[in-house]
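Working notes, structure below.
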Amino acid sequence: MKTVFSPVQLTHDPKMEISDGMLKPAVEIPSRAEMVRNEILDRKIGPLWTPQDFGRAPLERVHTCEYLDFLESFWSRWTAAGRQGEAFPFVWPVRQLRSSPTPTHIDGMLGRFSFDAGTPLGEHTWAAATASANSALTAARFLREGDRSAFALCRPPGHHAAADYFGGYCFLNNAAIAAQWLRDQGTARVAILDVDYHHGNGTQAIFYDRADVMFLSIHADPREEYPYFLGHTDETGEKAGKGFTQNWPLPPGTDWARYSEALEEACRWLTVYSPDALIVSLGLDTYEKDPISQFRFVPEDFLRLGARLARLGKPTLFVMEGGYAVDALGSNCVNVLEGFLG
Ligand code: SP5
Ligand code: ZN
């Protein structure tokens, strides 16, 4: 299985984040990607490729131009406003407040294009996020060219980012961009299975009214866990997409026995839908020792997960999402890939 990764993805290097309402050391850090890359090479999963630059067009198929312009120009606006260091949003257009016209002040723009304060933007965020998206696109290209599977070592992650807002350490929705690109290349039906501990709110929002991209997510119950405001069982899609979104919120403390029941249900949906390509939003934060999460996967469970996904028999693109137990991240991630390869 080919892996795609660019060292440019390491340049987004936040020091702090606002987590649990407090300023804390950042957990979505460059060493995450380095740990996974090293494990890929050590365990000889396959060759490492650097991404091709797909330009802006495939990003615009998922994100609004206004949002992409904001991300791209953010750092020059921020420094022109006399600000320094990484930036956090702090005011949002909730409910009765208006989200248009778009503010011209950088503080208003930050709130307009985000949904949380936990996601620092820095000087190199745009470069790293576009490199991450290009890794997903390049891996998708390998599927189009006939590979049975590919791994996009995406970091920063993507599944919390929607068409016009960032959050949850995510800026560009790598999995959604790859899914849309596959559609545009002629892949008729794509399914995204999101196994990150957190609900993939951005991906769900992007494809909510569509039947050509199914979205399935198994995650911690949003009543108890971030992102709190999406990911409930009654969210099943709308309009043409009715029935093409499914959610399995699970309680804190969920272990493999409970998780695999939900996974079997998701696999039944996938079998019936029979997509031409499967994209796995691969979060490793279901691990029992993850510092911000509360599921109880042991390392062998990641092998089991990979093996189960292989049994679906579909061309499969793995796109990395979360996972913050950095020392174990490489081995847990490669366990899924190795489990898949058999
Ligand atoms: C891609 C991804 O996994 N994003 C996750 C973003 C989570 N941000 C909120 C973190 C809140 C952590 N609360 C932990 C409580 C136990 N200390
Ligand atoms: Zn997560």
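For the stretch 230-238, indicate whether the set of residues that are within 14 Å of ligand 2 (Cβ to nearest atom), out of contact with any strand residue (DSSP E or B) (no Cβ under 6 Å at 6 or more places or on another chain) and either of a type outside the set (Lys, Arg) or farther than 21 Å from Arg304 by Cβ (or both) is non-empty.
So in the stretch 230-238, the residues within 14 Å of ligand 2 (Cβ to nearest atom) come out as 230-231.
Right, trim to out of contact with any strand residue (DSSP E or B) (no Cβ under 6 Å at 6 or more places or on another chain) and you get 230.
Cutting the leftovers down to either of a type outside the set (Lys, Arg) or farther than 21 Å from Arg304 by Cβ (or both) gives us 230.
Yes, the conditions are met somewhere in the stretch 230-238.
Can you name the residue in the stretch 188-224 that is part of a strand (DSSP E or B) and within 14 Å of ligand 1 (Cβ to nearest atom) and is also nearest to Leu143 (Cα to Cα) among such residues?
This residue is Asp194.
Which of the residues belonging to the stretch 55-69 are touching a helix residue (DSSP H, G or I) at 6+ places or on another chain (Cβ under 8 Å), surrounded by fewer than 19 Cβ atoms within 10 Å (Cβ to Cβ) and touching a residue at least 40 places away in the same chain (Cβ under 8 Å)?
Once the filter is applied, which keeps residues that are touching a helix residue (DSSP H, G or I) at 6+ places or on another chain (Cβ under 8 Å), surrounded by fewer than 19 Cβ atoms within 10 Å (Cβ to Cβ) and touching a residue at least 40 places away in the same chain (Cβ under 8 Å), the stretch 55-69 yields only Arg61.
Just checking, does the stretch 160-172 include any residue being closer than 23 Å to Glu60 by Cβ, in contact with a Cys (Cβ under 7 Å, 6 or more places away or on another chain) and either modelled with pLDDT of 95 or more or away from ligand 1 (no atom under 16 Å from the Cβ) (or both)?
Checking the stretch 160-172: at least one residue is closer than 23 Å to Glu60 by Cβ, in contact with a Cys (Cβ under 7 Å, 6 or more places away or on another chain) and either modelled with pLDDT of 95 or more or away from ligand 1 (no atom under 16 Å from the Cβ) (or both).
Out of the stretch 19-54, which residues are surrounded by fewer than 15 Cβ atoms within 10 Å (Cβ to Cβ), of a type in the set (D, E, K, R) and more than 16 Å from ligand 1 (Cβ to nearest atom)?
If the condition is that a residue be surrounded by fewer than 15 Cβ atoms within 10 Å (Cβ to Cβ), of a type in the set (D, E, K, R) and more than 16 Å from ligand 1 (Cβ to nearest atom), then Asp42, Arg43, Lys44, Asp53 are the ones that fit.
Within the stretch 260-300, take every residue that is among the polar types (S, T, N, Q) and buried (at least 23 other Cβ atoms within 10 Å of the Cβ) and give me the one that is farthest from the chain's Cα centre (by Cα). Lay out the reasoning, then the answer.
As a first pass, look at the stretch 260-300 and keep what is among the polar types (S, T, N, Q): 260, 271, 274, 281, 286, 293-294.
Applying the additional criterion that residues be buried (at least 23 other Cβ atoms within 10 Å of the Cβ) yields 281, 286, 293.
Working: Ser281: 6, Thr286: 14, Ser293: 16 Å.
Within the stretch 260-300, the match that is farthest from the chain's Cα centre (by Cα) is Ser293.
Of all the residues that make up the stretch 228-240, how many are surrounded by fewer than 19 Cβ atoms within 10 Å (Cβ to Cβ) and closer than 21 Å to His159 by Cβ? Spell out how you get there, then give the answer.
Going through the stretch 228-240, the residues surrounded by fewer than 19 Cβ atoms within 10 Å (Cβ to Cβ) turn out to be 228-229, 232-234, 236, 238-240.
Checking which are closer than 21 Å to His159 by Cβ leaves us with 228-229, 232-234, 236, 238.
Residues meeting the conditions: 7.
Which one is nearest to Gln294 (Cα to Cα), of the residues in the stretch 324-335 that are touching a strand residue (DSSP E or B) at 6+ places or on another chain (Cβ under 7 Å) and buried (at least 24 other Cβ atoms within 10 Å of the Cβ)?
Asn332
Go over the candidates Arg304, Arg258 one by one and state the one that is away from ligand 2 (no atom under 15 Å from the Cβ), among the charged types (D, E, K, R) and touching a strand residue (DSSP E or B) at 6+ places or on another chain (Cβ under 7 Å).
Checking each option against the conditions leaves just Arg258.
In the stretch 312-323, which residue that is touching a residue at least 40 places away in the same chain (Cβ under 8 Å) and more than 16 Å from ligand 1 (Cβ to nearest atom) is surrounded by the most Cβ atoms within 10 Å (Cβ to Cβ)?
Leu317
Go over the candidates Thr125, Thr138 one by one and state the one that is hydroxyl-bearing (Ser, Thr, Tyr), more than 22 Å from Ile40 (Cβ to Cβ) and modelled with pLDDT of 95 or more.
Thr125
Can you run down the residue pairs with Cβ atoms below 7 Å, 6 or more apart or on separate chains, where the first is in the stretch 274-291 and outside any strand (DSSP E or B) and the partner is modelled with pLDDT under 95?
The qualifying pairs do not exist here.
Under 8 Å between Cβ atoms, at least 6 apart or on separate chains: pull out the pairs that start in the stretch 130-153 with a residue that is in contact (Cβ under 8 Å) with a residue 24 or more places away in the chain and within 22 Å of Phe70 (Cβ to Cβ) and end on any residue that is acidic (Asp, Glu) and not in a helix (DSSP H, G or I).
The qualifying pairs are Asn134/Asp53.
For Arg141, are the conditions met, namely being within 16 Å of ligand 2 (Cβ to nearest atom) and more than 24 Å from Leu263 (Cα to Cα)?
Criteria not met by Arg141.
The values are calculated or read from the model by the stated rules, or taken from the named source; none is laboratory data. Please read these numbers as outputs of a predicted model, since none were measured by experiment. Ideal geometry is used to build each Cβ from the backbone, glycine not excepted, and the neighbour counts take in all protein chains shown.
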